[in-house]
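Coordinate-derived values only; no laboratory data. Since the structure is predicted, the reported quantities are computational estimates derived from the model, not experimental observations. Cβ placement follows ideal geometry from the backbone for every residue including glycine, while neighbour counts extend to all protein chains displayed.
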Amino acid sequence: MWATPDDSRRTPIGAFLRRTSLDELFQFFNVLKGEMSIVGPRPERPEFRELLEAEIPFWMQRHLVKPGITGWAQVQRGYTSDVAGAAEKLSYDLYYLKHRSLALDVAIAVKTVRVALSGYGAH
């Protein structure tokens, strides 16, 4: 089940952690273990992976690089809650794959800080 803005599962503490992106800090352990990078296509939850592979052409292309804590799709599109939104975010992931560079990674990191401070796209 995708989260929604009025999700009944959200607690006040969880909402604060999500809004401030503090819940993402734990992902740095995955970076240190070499399982993720700081910038790259954001991994999708396993529950949705099979559905997205079946519904969205080229979905698996985003797995050509390590997943990232933040990515072009996250800072451009924010949170999505359906297959159509995931397909739109894939277009940003494919753009990232085609134009990957240190300059783009730095731009994504800077925009991520702005997004985290604004709370944009947090559910």
According to a simple spin-label model (label point 7 Å from Cα along Cα-to-Cβ), what is the distance in nm between Phe58 and Ala109?
2.8 nm
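Remind me, what semi-axes does segment 12-117 give for its equivalent ellipsoid, largest first in whole Å, using sqrt of 5 times each Cα gyration tensor eigenvalue?
After diagonalising the Cα gyration tensor, the semi-axes are 21, 17, 14 Å.
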Using θ = phi - 60° and the Karplus relation 6.51 cos²θ - 1.76 cosθ + 1.60, list the HN-Hα couplings for segment 24-38 in order, rounded to whole Hz, with x at every Gly or Pro.
7, 4, 5, 5, 5, 5, 5, 5, 4, 6, x, 7, 9, 10, 6
What is the dipole size for segment 1-120, taken about its Cα centre, with +1 at each Lys and Arg Cβ and -1 at each Asp and Glu Cβ, in debye to the nearest 20?
420 debye
Which of the lysines could a cross-linker bridge to Lys111, judged by Cα under 18 Å and excluding same-chain residues fewer than eight apart?
Lys89
Over segment 12-117, what is the relative contact order in whole percent, taking alpha-carbon pairs under 8 Å and six or more residues apart?
30 percent
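Fully extended, how many nm does the chain gain between Arg100 and Phe16 (0.36 nm per residue separation, minus their Cα-Cα distance)? Before the final figure, lay out the partial values.
Numbers: separation 84, 0.36 × 84 = 30.24 nm, distance 3.22 nm.
Here the segment from Arg100 to Phe16 would lengthen by 27.0 nm.
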Under 13 Å from the Arg49 label point (7 Å along Cα→beta-carbon), backbone N, segment 57-92:
60-64, 67
